[in-house]
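What follows draws every value from the coordinates through simple rules; no lab data is involved. What you see is a predicted model; the values in this text were computed from it and never measured. We place every Cβ from the backbone using ideal geometry, glycine too, and count neighbours over all the protein chains shown.
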Amino acid sequence: MRTRIFLLVFILFLIPDLYAGTGTPVHTISRREGLSNGAVNAIARDAEGYIWLGTWNGLNRYDGHGIES
């Protein structure tokens, strides 16, 4: 029984490492880049490819390069 639990825990810790090097780009957007609030409550992508970020202080549009409030 202990061996099964150990094996399960080992696999659960190993799985994130398998996907860590997938090359998916991650870009952090904060108030420094023009986001109206640090907490984003809603995210949507429109047909033109813009990402819309809804915060308590307003709606922001991200085009991949910058923020429009």
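Give me the dipole magnitude in Debye, nearest 20, for the range 20-69 about the Cα centre, with unit charges on the beta carbon: positive for Lys and Arg, negative for Asp and Glu. Walk me through the numbers before you get to the answer.
Values: 4 positive and 5 negative charges, 40 e Å.
Dipole magnitude for the range 20-69 comes out near 180 debye.
Explain nothing, just compute: Karplus ³J(HN,Hα) = 6.51 cos²θ - 1.76 cosθ + 1.60, θ = phi - 60°, for every residue of the range 50-64 in order, whole Hz, x for Gly and Pro.
Once θ is set to phi - 60°, the couplings for the range 50-64 become 6, 9, 9, 10, x, 10, 5, 9, x, 9, 10, 10, 10, 9, x Hz.
Could you give the nm distance between label points at L7 and W52, where each point is 7 Å from its Cα heading toward the beta carbon?
Once both label points are built, they end up 5.0 nm from each other.
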